[in-house]
Amino acid sequence: MTTLLILFDVLLLGTLLALAFAAVLSVEPRRAVMLFIAFGLWLSLVWARMQAPDVALAEAAIGAGLGGALMLAAARRAARVRRSEANGSTMP
Amino acid sequence: MTKDPGRSGADARNDAAAAARAAERDRDLSLLLAVLLTLIGIALLGIYWLALNEAEGPRLADLALGLVPRTGVDNPVTAVLLNYRAYDTLMELAVLLAALLGIWSLGPAPAGFQRSGRALAAMVSWVVPLLILAAGYMLWVGGYAPGGAFQAGALLGAAGVIVRLAGDPSAGLPGEHAQRALSVLGVLVFALVGLALLWLGDGFLTYPPSLAKWLILLIESAATLAIGVALAAAYVGGRPATAPASTLASGKAGARTEPTGEGN
C-alpha cells in the first residue's frame, strides 16, 4: 500500500514538473497557456493529495480556470496585435 | 521593421556584426541568469534541508487550532483567513481592486464575442444559475468546511466569463456605477468593520467572540460579491461601457464597442 502511494506521488510530481517545464519552454503563447491550465489542474490534484482541499479548490477555480481564461484572452489579443504589426499597419 | 530594397553591402555587414554582438550579449545574460538561478536553487535546497532536520519545537499550529472555537467559525482555514490574519485578507482584496483599476485604466473594453448558438445558450442558461447557487453554498459552507469567499467569488467570476463567452459584452455585469460600487464593496465593508471595532475599543479587526460569526459572514458576503465582480470585469478586459448619456459625449469609444461581435 505504501509503495503504491509512493509510486502515485512520484507520478504526480513527475507529471507536474513535466507540465511546468513544457509550459515555460513552449514558444507559442496559446500552447503555453493551455499547458499552464493543465498544470494548474494537476497542481490542484497535488494540493488535494496533501490534504489541503481549500487550496485545491482555489487553485482549480482561480489558478487554472479564471487565470487560464484571462491568459487565453491576453494571448489572443497579443496575437492580433502581432498580426496587425506584421501587416505593416501602425494601429493595433 | 521596414525592409529597404536598395540597401548596400556595407550596411548589411554592419547589421550582421551588430546582430552577432547582440547575440553574444544575450548569451552572456542567459549565462548570468543560469548561474544566479542555480545559486538561488542551492540556497532554497539548503533552507529546505535545514527545515526538515529542525528539532520539534513549539509551533503555532497547536495554539491556533486550540483557539478555533473562539473565532466564530469551525473551519481552521477560514479562521486563519478571516480572523487570525484578517489584515492579510483585507490587503489581498485591496490587491485585487488595484489590479482591476489597472485593467480599467488600459482603455475601453474590446468588443464581445458573437452571440452564442442555441446549444451554448441553453447550456449557459442552466450553468449560470447553478454557478450562482454554488457560489452561495460555497460562501456558507466556508464556516465549517473547505470553501469561503475567494472560492465563492471565483465561481461568480466564472459565471461572468461564461456569460461573456456566450456573447454578452458586459459579462452580465451591471452598469459602470454599480460595477465601481460593487468592486470596492469588499474592501469597504472589511475596513468599516475593522474601524467600527477599533472605535468600540476591541482593536482593528479583533472580533468579540459572540459577534465573530456574523461579522465574518458579513465580510465574506461583501468580499464574495467584490471578488466575483473583479474577476468577471478583469475578463472583460477594459473600462466598462459608460452610461448612454456619456456615450453620446465620447461617441467614438461607444461606437467601437457597441456592435458586439457582429464582425467576428
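The values are calculated or read from the model by the stated rules, or taken from the named source; none is laboratory data. Small disclaimer: the values here were computed from a predicted structure and weren't measured. With ideal geometry, Cβ positions are generated from the backbone for all residues, glycine too; neighbour counts draw on all protein chains shown.
Based on this model, can you work out whether residue B:169 counts as in contact with a Ser or Thr (Cβ under 9 Å, 6 or more places away or on another chain), closer than 22 Å to residue A:70 by Cα and of a type outside the set (S, T, N, Q)?
Details: in contact with a Ser or Thr (Cβ under 9 Å, 6 or more places away or on another chain): yes; closer than 22 Å to residue A:70 by Cα: yes; of a type outside the set (S, T, N, Q): yes.
In short, yes.
Please determine whether any residue of segment B:188-207 is surrounded by 13 or more Cβ atoms within 10 Å (Cβ to Cβ) and under 30 Å from residue B:111 (Cα atoms). No: segment B:188-207 contains no residue that is surrounded by 13 or more Cβ atoms within 10 Å (Cβ to Cβ) and under 30 Å from residue B:111 (Cα atoms). Of all residues in segment A:12-56, those satisfying the criterion of being more than 20 Å from residue A:74 (Cβ to Cβ), part of a helix (DSSP H, G or I) and within 13 Å of another protein chain (Cβ to nearest Cβ) are A:44, A:47, A:48, A:53, A:54, A:55, A:56. Among residues of segment B:117-145 that are modelled with pLDDT under 95, those with a Cβ under 9 angstrom from a residue that is exposed (fewer than 15 other Cβ atoms within 10 Å of the Cβ) and of a type outside the set (Phe, Trp, Tyr), sequence gap 6+ or separate chain, pair up as B:121/B:115; B:143/B:74; B:144/B:74; B:145/B:74.
Would you check which residues across segment B:86-104 are closer than 15 Å to residue B:206 by Cα and either away from chain A (no Cβ under 14 Å) or in contact with a Gly (Cβ under 8 Å, 6 or more places away or on another chain) (or both) and list them? Can you show your working first?
Restricting attention to segment B:86-104, the residues satisfying the condition of being closer than 15 Å to residue B:206 by Cα are B:86-90.
B:86, B:87, B:88, B:90, listed by residue number.
Suppose the filter is farther than 29 Å from residue B:124 by Cα, in contact (Cβ under 8 Å) with a residue 12 or more places away in the chain and either in contact with a helix residue (DSSP H, G or I) (Cβ under 8 Å, 6 or more places away or on another chain) or outside the structural domain of residue B:101 (by TED's automatic domain parsing) (or both); does residue B:184 pass it? No; evaluated as a whole, the condition is false for this residue. For segment B:112-126, the set of residues classified as crowded, with 17+ Cβ neighbours inside 10 Å and among the hydrophobic types (A, V, I, L, M, F, W, C) consists of B:124 only. Of the residues screened, residue B:187 is not one that is farther than 20 Å from residue B:140 by Cα and either in contact with a Phe, Trp or Tyr (Cβ under 8 Å, 6 or more places away or on another chain) or of a type in the set (A, V, I, L, M) (or both). Within segment B:105-161, if we keep just the residues that are in a helix (DSSP H, G or I) and among the polar types (S, T, N, Q), the residue that is farthest from the other protein chains (Cβ to nearest Cβ) turns out to be B:125. Between A:77, A:83, the distinction of being farther than 26 Å from residue A:12 by Cα, facing chain B (nearest Cβ under 10 Å) and free of Cβ contacts under 8 Å to residues at least 60 places away in the same chain belongs to A:77 only. Annotation note: of B:90, B:67, B:82, B:36, the sole residue that is exposed (fewer than 11 other Cβ atoms within 10 Å of the Cβ) and either touching a residue at least 40 places away in the same chain (Cβ under 8 Å) or hydrophobic (A, V, I, L, M, F, W, C) (or both) is B:36.
Please tell me if residue B:72 is surrounded by 10 or more Cβ atoms within 10 Å (Cβ to Cβ) and not in a loop (DSSP other than H, G, I, E, B). The answer is no for residue B:72.
Just to verify a result, which residue in segment B:162-178, among those that are more than 14 Å from chain A (Cβ to nearest Cβ) and touching a residue at least 24 places away in the same chain (Cβ under 8 Å), is farthest from residue B:93 (Cα to Cα)? Checking each candidate, the answer is B:167.
Conditions tested, residue by residue: (1) within 21 Å of residue B:149 (Cα to Cα); (2) in contact with a His (Cβ under 7 Å, 6 or more places away or on another chain); (3) among the charged types (D, E, K, R).
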position: B:18; (1), (2), (3): no, no, no
position: B:34; (1), (2), (3): no, no, no
position: B:45; (1), (2), (3): no, no, no
position: B:67; (1), (2), (3): no, no, no
position: B:74; (1), (2), (3): yes, no, yes
position: B:83; (1), (2), (3): yes, no, no
position: B:89; (1), (2), (3): yes, no, no
position: B:100; (1), (2), (3): yes, no, no
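One residue is enough: does segment A:57-72 have a residue meeting the conditions more than 10 Å from chain B (Cβ to nearest Cβ), of a type in the set (A, V, I, L, M) and free of Cβ contacts under 8 Å to residues at least 12 places away in the same chain? Within segment A:57-72, not a single residue is more than 10 Å from chain B (Cβ to nearest Cβ), of a type in the set (A, V, I, L, M) and free of Cβ contacts under 8 Å to residues at least 12 places away in the same chain.
Of all residues in segment A:9-29, exactly one satisfies the criterion of being in contact (Cβ under 8 Å) with a residue 40 or more places away in the chain and within 20 Å of residue A:45 (Cβ to Cβ), namely A:9.
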